[in-house]
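Below is one structure, written out as structure tokens; comments come after it.
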Amino acid sequence: MNIFDYYTPEQQEILKQQMEKFSLEELKQLGNESNKIIAVLRPEMEKGTPIENPKVVQLSKRLKEIADRFAGSDPGIDQRRNVFLRITRTTKCTGWI
């Protein structure tokens, strides 16, 4: 199951429309940046770094900014993304999501 399965058809359409606003190069850059942030955050989660840690806060905010660019004005998209993250996380990261 992928993240898009967690969105309603209407939310999927919003995400599709938002993605169409970006060039292929911009999508690649945002994807690469997201992957780099996740690569730094995952080890922090695994070692139990507090979510209040300044480095974690900064990276988490940037990751959310990137994700929000695709959500448009639908707060339900953010909620569904969080549901997906809670269900699919495989590491011990209490309090992170």
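The values are calculated or read from the model by the stated rules, or taken from the named source; none is laboratory data. Source: prediction; values computed, not measured. A quick note on method: Cβ atoms are made from the backbone with ideal geometry, for glycine too, and the neighbour counts reach across all protein chains shown. All accessible areas refer to the heavy atoms of the entire protein, side chains included, with ligands and DNA or RNA removed. Shrake-Rupley method; radii C 1.70, N 1.55, O 1.52, S 1.80 Å.
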Helix-derived mean residue ellipticity, 222 nm - over the chain, DSSP H n ≥ 4, -39500 (n - 2.57), to 500: -22500 deg cm²/dmol
Cross-link reach list, lysines versus Lys47, counting only Cα pairs under 26 Å and skipping chain neighbours closer than eight places: Lys36, Lys55, Lys61, Lys64, Lys92
Peptides 62-68, 23-29, 77-83 ordered by average Cβ neighbours within 10 Å, highest first: 77-83, 62-68, 23-29
Cα-projected label distance for Asp68 with Glu26, points at 7 Å along beta-carbon direction, nm: 1.7 nm
In sequence order, calculated HN-Hα J values of the stretch 40-52 (Karplus, 6.51, -1.76, 1.60; Hz; x Gly/Pro): 7, 5, 4, x, 5, 4, 5, 8, x, 4, x, 5, 7
Accessible area expressed per residue, the chain, with surrounding protein chains retained (probe 1.4 Å, Å²): 69 Å²
Relative contact order (percent, whole number), the chain, Cα cutoff 8 Å, 6+ residue spacing: 44 percent
Cα centroid separation, the stretch 70-87 to the stretch 27-69 (Å): 16 Å
Lys/Arg +1, Asp/Glu -1 at C-beta; the chain dipole; positive extreme among Val56, Tyr7, Met19: Val56
